[in-house]
Amino acid sequence: MTDRQLMFFNPVFKEKIWGGNKLHDLFGYNTDKDNIGECWAISAQPGSESTCTTKGFEGKTVSELWNESPELFGHYDSDRFPLLVKFIDAKEDLSIQVHPSDEYARVHENGSLGKQECWYVCDAPEGEHVILGHNAKTREEFNTLVDTKRYDQLLCLKNIKKADFVKIEPGTVHAIMAGTMVLEIQQNSDITYRFYDYDRLENGKPRTLHLEQAKEVINVPETNGFIYSTTDEAGIHELYSCKYFTVGKINVKDTFSFDTNDAFFCTVTCVEGSGTADGTPISAGSNFIVPKGYGTVTFEGNMTLIVSRPE
Ligand code: ZN
């Protein structure tokens, strides 16, 4: 028997001009904010930290737990909590963006981590697309298409549907479009270069672009993004593994035992349905960390969970 507990967190809500109301309507999040574009579910980002609600740790931020109780995280070797788990709900098309690698961010962004990210698609309208990657074969072609604003020729549109999984490497341009809601698992970084914003105005002005940085970090030619559909068969299915993290999907149909013994720790997010985790009720929108030493979690109910663990 372990004295460890599942560690639940209060999310941080971010109002965005492009934000919708699905996070409120589908998940029943209790917030009086409108247009919640993002819900940072498990976050150790300075100024946007989720706080623990579990007995004995109430009110502690992820970073406080990380620094004060490293044993909960298997003494994982990092000066900061390595992951960021968030929901994004787009009521409008998001600006097209790109993230830097660790190497670029370390030099140009004050020692920050880069941003490898991936999405699980929680909801998307019929026939929906995402922007993922571009068509230019050379830098010259890329620059010409950007300088002459031929974005429709440059950018790749790919089909997307509910329960798809999308991998986005640093240097891959990407954007979700109106009506899509995703769960994003990423490195603990908030560095985004806005590449193109459809020439939209906010309060009469275009939003700031970071075109020079974007041009420096964008992969030419593009090779790295991919999308695939995921299974709804019962059990655990690995979706993606990289040097930073491994992401899996658990389809709980009645019951499933999740063995976490070989992980430093895991994050768990319920994206659909409801049930229990070792007797504690959970439902779509619930998030928790399984600390090191907890062992096996028994889920009961009918639900879809996305789990991630650092490597
Ligand atoms: Zn991104």
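Numbers at a glance
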{"read-out": "Which numbered condition Glu64 fails, given (1) out of contact with any helix residue (DSSP H, G or I) (no Cβ under 9 Å at 6 or more places or on another chain); (2) within 16 Å of the ligand (Cβ to nearest atom); (3) outside any loop (DSSP other than H, G, I, E, B)", "value": "(2)"}
{"read-out": "Wholly enclosed strands (runs of 3 or more DSSP E) of segment 1-42 bearing at least 3 residues without any contact (Cβ under 8 Å) to a residue 40 or more places away in the chain and touching an Asp or Glu at 6+ places or on another chain (Cβ under 7 Å)", "value": "12-20"}
{"read-out": "Tally of residues being open to solvent by less than 40 Å² (accessible area, probe 1.4 Å) and over 27 Å from Ala105 (Cα atoms) across segment 161-172", "value": "2"}
{"read-out": "Flag for Lys158 being within 16 Å of the ligand (Cβ to nearest atom), outside the structural domain of Ser257 (by TED's automatic domain parsing), outside any loop (DSSP other than H, G, I, E, B) and open to solvent by 60 Å² or more (accessible area, probe 1.4 Å)", "value": "yes"}
{"read-out": "Residue count for segment 180-199, restricted to those that are away from the ligand (no atom under 15 Å from the Cβ) and either modelled with pLDDT of 95 or more or in contact with a strand residue (DSSP E or B) (Cβ under 7 Å, 6 or more places away or on another chain) (or both)", "value": "1"}
{"read-out": "Cross-chain or 6+ apart pairs with Cβ under 6 Å, segment 52-78 first and more than 22 Å from Thr260 (Cα to Cα), then surrounded by 19 or more Cβ atoms within 10 Å (Cβ to Cβ)", "value": "Lys60/Cys52; Thr61/Glu49"}
{"read-out": "For Cys118: the one exception among (1) under 22 Å from Ile306 (Cα atoms); (2) in contact with a helix residue (DSSP H, G or I) (Cβ under 7 Å, 6 or more places away or on another chain); (3) open to solvent by less than 20 Å² (accessible area, probe 1.4 Å)", "value": "(2)"}
{"read-out": "Looking only at segment 240-267, and only at residues there that are without any contact (Cβ under 8 Å) to a residue 60 or more places away in the chain and crowded, with 19+ Cβ neighbours inside 10 Å, the one that is farthest from the chain's Cα centre (by Cα)", "value": "Phe256"}
{"read-out": "Answer from Ile88, Ile42 - the residue that is open to solvent by less than 20 Å² (accessible area, probe 1.4 Å) and over 20 Å from Pro310 (Cα atoms)", "value": "Ile88"}
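The values are calculated or read from the model by the stated rules, or taken from the named source; none is laboratory data. Being a predicted model, the structure only gives us computed values, none of them experimental. A quick note on method: Cβ atoms are made from the backbone with ideal geometry, for glycine too, and the neighbour counts reach across all protein chains shown. Accessible surface is based on the protein model in full, side chains and every heavy atom, while ligands, DNA and RNA are left aside. Shrake-Rupley method; radii C 1.70, N 1.55, O 1.52, S 1.80 Å.
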